[in-house]
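The values are calculated or read from the model by the stated rules, or taken from the named source; none is laboratory data. Quantities reported herein were computed from a predicted structural model and do not represent experimental measurements. Here the Cβ positions follow ideal geometry from the backbone for every residue, glycine too, while neighbour counts run over all protein chains shown.
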Amino acid sequence: METQGLDHIHILVTDLDKAVGFYRLLGFQETRRFQHGGRKAAQLKAPFGLTIDLNEARASDNPGFNHFCLVVSDVDAAAEELRGAGLWVDGPVSNPETGRRLATTRGPNGFLVQLVGPP
C-alpha cells in the first residue's frame, strides 16, 4: 500500500461553536460549515496544511477523537491488502459529498483509520 499523506483528523465535539473558537485560537481557519450525517459540522485547516473535521456529537457518542484519514494511491487495492492480512474493512464506498472513495478499518486497539483516494 502506498500511503501519500494525512488527509484529516475527525473529532466529535459537544459544542461546535466553542470547538471552532478553540481551534481558531490555535491558528486554524474555518473553511466551511455543513451537515454531516444529520449533524452540524465544520472543517478547519492549519497553516501547515492539516485539516480537522469537527462534528457535533449525539447523546450516544463519546466526544473526542473519532478517526484519522490517510491518503492512499488506490483505495480498492489498499482495502484488499488489509483484508488479506485478516483485518476488518468497511468499504470501499463512494462519498457523494466529496466525490472520493474511502474505506475504514480499525487498528489493534480499536481506533478507526480511514483511507481515501487522492483528492
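Quick rundown of the values:
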item	result
Residue check, Ala79 among the small types (Gly, Ala, Ser), under 19 Å from Gln114 (Cα atoms) and either touching a residue at least 40 places away in the same chain (Cβ under 8 Å) or in a strand (DSSP E or B) (or both)	no
Residue count for region 82-100, restricted to those that are outside any strand (DSSP E or B) and touching a Ser or Thr at 6+ places or on another chain (Cβ under 6 Å)	2
Test: Ala57 is buried (at least 18 other Cβ atoms within 10 Å of the Cβ) and modelled with pLDDT of 95 or more	no
Set Asp7, Asp17: member being surrounded by 11 or more Cβ atoms within 10 Å (Cβ to Cβ), touching a residue at least 24 places away in the same chain (Cβ under 8 Å) and not aliphatic (A, V, I, L, M)	Asp7
Residue among Leu112, Leu87, Leu70, Leu50 that alone is out of contact with any helix residue (DSSP H, G or I) (no Cβ under 8 Å at 6 or more places or on another chain), over 15 Å from His10 (Cβ atoms) and not β-branched (Val, Ile, Thr)	Leu87
Number of the condition not met by Arg32 [criteria: (1) in contact with a His (Cβ under 9 Å, 6 or more places away or on another chain); (2) in a strand (DSSP E or B); (3) surrounded by fewer than 12 Cβ atoms within 10 Å (Cβ to Cβ)]	(1)
Residues satisfying the stated conditions in region 38-75, i.e. assigned to a loop (DSSP other than H, G, I, E, B) and touching a residue at least 12 places away in the same chain (Cβ under 8 Å)	Ala46, Pro47, Leu50, Ala57, Arg58, Asp61, Asn62, Pro63, Ser73, Asp74
Pairs where the first residue, in region 101-119, is in contact (Cβ under 8 Å) with a residue 12 or more places away in the chain and in a loop (DSSP other than H, G, I, E, B) and the second is of a type outside the set (A, V, I, L, M, F, W, C) and surrounded by fewer than 19 Cβ atoms within 10 Å (Cβ to Cβ), C-beta under 6 Å, 6+ apart	Gly117/Arg100; Gly117/Arg101
Residue in region 65-84 that is surrounded by fewer than 11 Cβ atoms within 10 Å (Cβ to Cβ) and closer than 16 Å to Arg106 by Cα present	yes
